[in-house]
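The values are calculated or read from the model by the stated rules, or taken from the named source; none is laboratory data. Please read these numbers as outputs of a predicted model, since none were measured by experiment. We place every Cβ from the backbone using ideal geometry, glycine too, and count neighbours over all the protein chains shown.
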Amino acid sequence: MSSYKDEFRRLQDEIANINQSYFELEKQRLDPKKIISKLLRYKNLTELTSPILNDLIYRIEVHQGDKSKNGSEVKEQQIDIYLKGAENVNIANKDFIKK
């Protein structure tokens, strides 16, 4: 019976350590100060390079395009850009882009 209790305590400690590590990683990943400081480094860009994109972006999702319903040849296409250290940030919507 003692070995069961010891194993149970060991597993509880291991779970607590994993949860703490996960919490610390999430806190670092979503730190607004880090995101802002990283973006400020690139505020006066004259050229967008691969290393800059790799530093800022961890995923881009390009959705299938849809032809406009009004019969024009304009295709609407959703593109989601995921910044490192931030959730999916919606920086523009369709109404804003048309202006």
Restricting the first residue to the range 6-20 and requiring it to be free of Cβ contacts under 8 Å to residues at least 60 places away in the same chain and assigned to a helix (DSSP H, G or I), which pairs with a second residue that is loosely packed, with under 10 Cβ neighbours inside 10 Å and among the aromatic types (F, W, Y) meet a Cβ separation below 7 Å and a spacing of at least six or different chains? none
Consider D95 against the criteria (1) modelled with pLDDT under 80; (2) part of a loop (DSSP other than H, G, I, E, B); (3) more than 23 Å from K33 (Cα to Cα): it satisfies all of them except one. Which criterion is unmet? (2)
Of all residues in the range 22-62 being in a helix (DSSP H, G or I) and more than 14 Å from G85 (Cβ to Cβ), which is modelled with the lowest pLDDT? E24
